Structure formats: C-alpha cells, structure tokens
Amino acid sequence: MKQGNIGVTTENIFPVIKKFLYSDHEIFLREMVSNAVDATQKMKTLVQMGEAKCELGDTTVRVSLDEKAGTLTISDHGIGMTAEEIDKYINQIAFSGVTDFLDKYKDNANAIIGHFGLGFYSAFMVSKKVEIVTKSYRDEAQAVKWSCDGSPSFTIEDVEKTDRGSDIILYIDDDCKEFLEKAKIQELLGKYCKFMSVPVAFGKKTEWKDGKQQETDEDNIINNVEPLWTKAPSTLKDEDYKSFYRALYPMQDEPLFWIHLNVDYPFNLTGILYFPRIKRNIDLQRNKIQLFCNQVFVTDQVEGIVPEFLTLLHGVIDSPDIPLNVSRSYLQSDANVKKISTYITKKVADRLNSLFKDDRKDFEEKWDDLKLFINYGMLSQEDFYDRAKDFALFKDVEGKHFTFEEYKTLIKDNQTDKDGNLVYLYSTDKDEQFSFIEAAKAKGYSVLMLDGELDVPCVSMFEQKFEKSRFTRVDSDIIERLIVKEEMKSAELTDDEKDCITEVFRSQIPTLDKADFNVDIQALGESSQPVVITRNEYMRRMKEMSRYQAGMNFYAQMPDSYSMVLNSEHEIVKSVLADATKKTSDELKPILSEIKGQEARIAALRQSQDKKKADEITQEEKDDMSNTQKALEEQRGKKKTIYSEYAKGNDIIHQLIDLALLQNGMLKGKALDDFVRRSIELIK
C-alpha cells in the first residue's frame, strides 16, 4: 500500500471545494458521468485505431445507488488507469494562486471546475470519502484502488478487478443525503446527461406486473446517444423535428418552424432552434435554449451566447468551442462566442426571409406568433432591424398584411398632413376604439392594428427609422385633428359663450382615479358627435413606455391626460348653450359686470405700475393690486358656482358626458347604473 499527500499548493482545498461549490453542488454528477463517457470514448478510439488489441465490449456507463452503504457509484468500461496514471492525473491538481479565489469564483462552480481542472474533485462537494477502483486496458495491468477522505492525504493499493475500466464510489456526506434518493439522481441524469454520446444506465426498466411496478432485466438507459442535432438535415423529416421538440418540451404547443444549425468553420456549432408560438409574457418564455458541449449539458442561461431576443427561441446549441466553464466575463470577452452570436442572428434572419419569400401567405398566417419575436429583435439589435425591415409586416384592422414599404405607398396620398408628415394611424383595441376607427375609415384612412406586447416601443422606433413620419393612436384626437391638412375652423362663439359651455360641462365631469380632463371647443360640423373624449398621445405613450424603460417610472405615476371636445356646431350642444345662457343670465348680470370692472381696474393698475421700477412701486399700490385680484377670483368663483348649479340639474349634460365616457370604457359601477336609469327616464 502506498500513502501520500495530494499535490496542491494549499492545505484548504477541500473546505474551499465544499463551501464555494456548494450552491451548484449537483454539477458533480455531470462531471463524474462526463469523465466516464470520456474514458469510454477514448477506449473506442484506441480499438478503432488498432492500438488496443482487446474487444470493445459493452460501452454502457452505469450509475448505481446503495442506500444502506450510503454510496453512489459511477462505473465505466473505458480505458481505466494504472497506479502511475492515478498519481499523474488524480494526485497532482492544477490548482494554484488562491489569492483572488473566493471573490472571483465563489458564485460559479462551472468556472472553478473548468479553470482549475477540478472535474473529478467536484465529487468532494457531496462526499465524505471517494474511492476509485480501476484497471487499465493495458496488457498485464494491475487493478488499483485509490481512496481519499476529503483531506490532502490518500491511499492507493492493489486490488482484484476482472474487467478494465473504473468504478468511482462516492460515500455521500450526511448533509447531502438527497443524492442517495433515486428520484433525485434520475432528475439530475435527465438534466445533465440525457444526450451524452455513450449509453448511460441507471437501474433497470420497470413494467406493470401482478398489480405493481416490477423491475425487468433490461437496463434503464436514460440518454439518447444520437440526438437529432448530430444528424444530417437531409436525412430528417418534419415529424422527426416535431417529435424531438415534444421530447424537449412535453407541455408546449407545436412549434411554428425550426432552423438546423451546422457549421464547422470558423468555429464548430450544431443545434436546432425552434420558433415557439409566442404571443405575450416574454419573460415566461426565456431560458428554453439548452447549451451543450459535445452533448454534455452546460446551461440553459444562454444570454451572451445568443443575442437577447433569440433567448425567446427554444431548442439546443452544441459547441465544443464553448467550454464547460461558462461565466459571464468569459462570454463577454470570447471571440468565438461573438462569432457564434453573429452567425445565429444571420441564420435566423435568413430563415425568416426565405419563409416570407417562399410562401408569403403562410408567413402572414404565422405573423401574430412571429411578431413579438421580430419586434423584440428589431428593438434590441440594430443589425437585425436592417435584415428584418424587408420581411417584417404591418397588419391593419381589416386583417390585411403589408411590408413597411407597401404600407407607405398605400397611405402616402391620403395620410400626409399639411407639414408633409406621413401619419400612421393605429389602434390597440378594435372594440374599445371602434367608433374612432370607423370615423377614420369614413375619411378614407387606413388604421393599423398594433395590439402586441412590444408594439408601443416599436412605434417610437419606427418614427426614428421612417423619414418624416409619425404614429398617432386613432383615439388620441378627434378625426379632424388626427391628420391636419389645412387650418381648422374655430368655433364661432363669443368669449362669454365659450366660458359658459366649457364651465357647465367641466363642472360635471366625474372625478376618476389618475385621470385629468380639460375641455376644448371645436366646430366639427352638424353630423359629428356632440361630445368626444380623446387621450393625449404623448403622455399616453410615455406612460406605456415606462413599463419597458428604467428611469421613466415617474410617467407611470402621473395621471392620464384626456380632452373632452365639445362640438359647437351640434344641435344638442347649441341647445345646452342657449338654455344655460338663458337660465343663468339674470343671476350672472351683476357678477359679470363686477368681473369686467375688476378686470379693467387690474389693467389700469398694471399699466401704471409698468411705467415704474420695482422699487418705486409703493406697498399701497401692491396691496391694491393684490386685493383687486382676490376680488376678481372671488367673482369668477361665484360665476363657476352658478354654472355648476345649473349643470347639476341638467340631465342632457350628464347624458352627453356619460356617453363620451362609455365610448371610452370609462363608465363603470354606480356611474354606469345611474346612466342606465337616466336613459330610461329620458326615453319615457
């Protein structure tokens, strides 16, 4: 028997492994099985090259549990090791310079394992003792047993072993007993080893017999040694790809289509990327791409390897050029990763473009599922916008599809305003904005349907990309002001009439949570609606953008800004104005007279004070101005009260306001019930 100390430059390697790999300690199983697969593949190569004279035999890697003994064993029929090879590959750890170790690697077990060659030693994350029983394929090789209890000391001794290969026996630590549970090991093998390149067996298959599940003699092979991405696309059918997708994502709808990646220069990359049916909830769709290195699972956190918008795709990427020690700093600096990212973006854009050109009808039918993905790409990656602008589509409220250029040609004659800007009208909800859409269509305008999750930020992007263009939601103003082609006719009312009709309506607008209203008067023609509510385009868009951009949250806290537009040419509004003027006239006469007198006095005081320097104005003059202004505000307040008292009892005013609110989906609860009751009374 030989005894010795493992060659490391620090005595505390095992506590470091234990503590700082612990957050990712399940990786040990991937490392153990990967080593067994590597040993088996090396054996295959030696036999094929004729350097090993023995038969290859069974290549299955076996994982087994012994709950009583507290052990987990990984066995292979690979090349095995001699005592000298154990001394070289196991006892000498390429581990040095631990000064920055804790800060640099404490959160990334992958990085530690890959950077320091600690694949085998990851076993000590979960084990109080590890044994290797191994026999080399070499002629007359002596089987040996290596043992280490988690300290730098080890023992190695000769033992009897019939077959070549290695058994790695892990004595699971007391605080890691979950790794003695069959279900847990089954789960981890499924996660990390399901596509490894040699068969991996865990227990036996079971069958239902005599009223219970019973083991058979057949190995339970947990992996597919030839996954679909390793095969030539020419040998595969659509059903093969769909079947593989169902195996990867059992609960998902069938994919729209897929891309088979296969490149060997200037880097090696294979894989299959699927386009899922995505409509909303971007974040729920992420982390569906699985990254492999030579069929060994690495991660499903692929940000940095593929562009952000492609993380919405599902599927697998396999590249030996992305080693197992994946870390964010590595991904940000590695040239191969950047090339891979660029390649995948181009491949995806080319595939979408070919689908559009080859079968536009089918592409249009899939557009609602593709739109979110393509919009995300155009927003987040400049070079993808340049590729996508030729196949990205607009859809109008009629369900017709157009390329950007086609739609520009369609609307340029009728939707260009007096300043030469092309105005794109859009709706976000056909039902809520129905009357506004109909008004636009009556004018011969086209209205886009932009109801997707990322359509609002896309609108701002399009305004930057398209020359002399702006996007306006169809309910953001009255139809006459959506696309102004000539100066609008102003309402032919006196100042007192404007003041009267504005105040009687303003005073009766209900108080709504986070909503501000201003009242405007426009001459819209006798056939237009008497009262219309519109929402300020700029403020609405800023509030919606605040959902997507950090630093804009203050917009989300601001109230919504609405305009209530009164049509001064409508008979009902004229009637309300006439009635209000008549019934408030006597009460208002002395107040209006007083207001005019106070306004005249303020004008005279201001004219007098404007001729003096600030320090020449006496306190008496300042007090006179202040008192006059207070008196004026008091009279104006009385005037508002008179208009408000009149309007309070006028059912027509309330009915017009409620109709406008109802049209915008803003009439609810008791207010809606009051409206229904009032409507019945008015009909009687």
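For the stretch 607-684, the Cβ-based charge dipole about the Cα centre amounts to some 420 debye (Lys, Arg positive; Asp, Glu negative; other atoms uncharged). When the charge dipole of the stretch 467-540 is built from unit charges on Cβ atoms (+1 for Lys and Arg, -1 for Asp and Glu) and taken about the Cα centre, the candidate among I478, C500, V531 whose Cα reaches farthest toward its positive end is I478. Largest first, the residues E438, E55, E432 sort by 1.4 Å accessible area into E55, E432, E438.
So which trypsin sites (Lys or Arg not before Pro) in the stretch 559-653 end up in coil per DSSP with only 12 or fewer other C-beta atoms within 10 Å?
Passing sites in the stretch 559-653 are K611, K612, K613.
Placing unit charges on the Cβ atoms of the charged side chains and taking the dipole of the chain about its Cα centre, the candidate lying farthest along the positive direction among Q41, G452, V298 is G452. Couplings 3J(HN,Hα) of the stretch 592-600, computed from phi: 5, 5, 5, 4, 4, x, 5, 5, 5 Hz, in residue order, whole Hz [Karplus 6.51 cos²θ - 1.76 cosθ + 1.60, θ = phi - 60°; x for Gly and Pro].
In the calculated pair-distance distribution of the stretch 572-656, the portion above 19 angstrom amounts to 54 percent of the Cα-Cα pairs. Projecting the Cα atoms of Y137, G420, T71 onto the dipole axis of the chain, where Lys and Arg carry +1 and Asp and Glu carry -1 at the beta carbon, places G420 farthest toward the positive end.
Computed per residue of the chain from DSSP H runs no shorter than four, each worth -39500 (n - 2.57), the mean residue ellipticity at 222 nm is -13000 deg cm²/dmol. With a cut-off of 12 Å between beta carbons, the residues surrounding T216 carry a summed charge of -2, where Lys and Arg count +1 and Asp and Glu -1.
Between I652 and R138, the contour length at 0.36 nm per residue exceeds the alpha carbon distance by 174.8 nm.
Each residue of the stretch 238-254 was assigned a 3J(HN,Hα) from its phi angle through the Karplus expression (A = 6.51, B = -1.76, C = 1.60, θ = phi - 60°), giving 4, 5, 4, 5, 5, 5, 5, 4, 5, 5, 6, 9, x, 9, 8, 5, 4 Hz with x at Gly and Pro. Summary of packing: across the peptides 451-459, 124-132, the per-residue average of other C-beta atoms within 10 Å ranks them, highest first, as 124-132, 451-459. Once the gyration tensor of the Cα atoms in the stretch 465-522 is diagonalised, the equivalent ellipsoid follows with semi-axes of 28, 20, 7 Å, ordered largest first.
Summarising the label geometry, the points placed 7 Å from Cα in the beta-carbon direction at M49 and A232 lie 2.6 nm from one another. Here the chain is assigned +1 on the Cβ of each Lys and Arg and -1 on the Cβ of each Asp and Glu. Its dipole about the Cα centre then comes out at about 420 debye.
Charge dipole of the stretch 557-622 (Cα centre as origin; +1 on each Lys and Arg Cβ, -1 on each Asp and Glu Cβ, all else neutral): 240 debye, rounded to the nearest 20. Here the label points at Y538 and K389, each 7 Å from Cα along the C-beta direction, are separated by 2.7 nm in the simple model.
Helix 182-192 versus the longest principal axis of the chain: what is the Cα-based angle in degrees, 0 to 90, to the nearest 10? So the inclination is approximately 70 degrees.
Exceedance of the 25 Å cut-off in Cα-Cα distance is limited, within the set K42/K182; K182/K212; K242/K361; K88/K135; K611/K639; K371/K668, to K42/K182; K611/K639; K371/K668.
Given the pairs K412/K443; K357/K389; K596/K630; K128/K177; K288/K430, which span a C-alpha to C-alpha distance of over 22 angstrom in this model?
Going by Cα-Cα distance, K288/K430 fall outside the 22 Å limit.
Evaluating kT/(6 pi eta Rh) at 37 °C and 0.692 mPa s, with the Kirkwood radius of the chain over Cα pairs in the Stokes-Einstein relation, gives 101 µm² s⁻¹. Taking 7 Å steps out from each Cα toward its Cβ at K485 and K582 produces label points 4.0 nm apart.
Let's test the formula: R0 of 30 Å, r as the Cβ-Cβ distance of K465 and K400. What FRET efficiency results, to the nearest 0.05?
0.85
The values are calculated or read from the model by the stated rules, or taken from the named source; none is laboratory data. As the structure is a prediction and not an experimental result, all values here were calculated from the model. In this analysis, Cβ positions are derived from the backbone assuming ideal geometry, glycine residues included, and neighbour counts consider all displayed protein chains. These area figures cover heavy atoms from the full protein model, side chains too; ligands, DNA and RNA do not enter into them. Shrake-Rupley method; radii C 1.70, N 1.55, O 1.52, S 1.80 Å.
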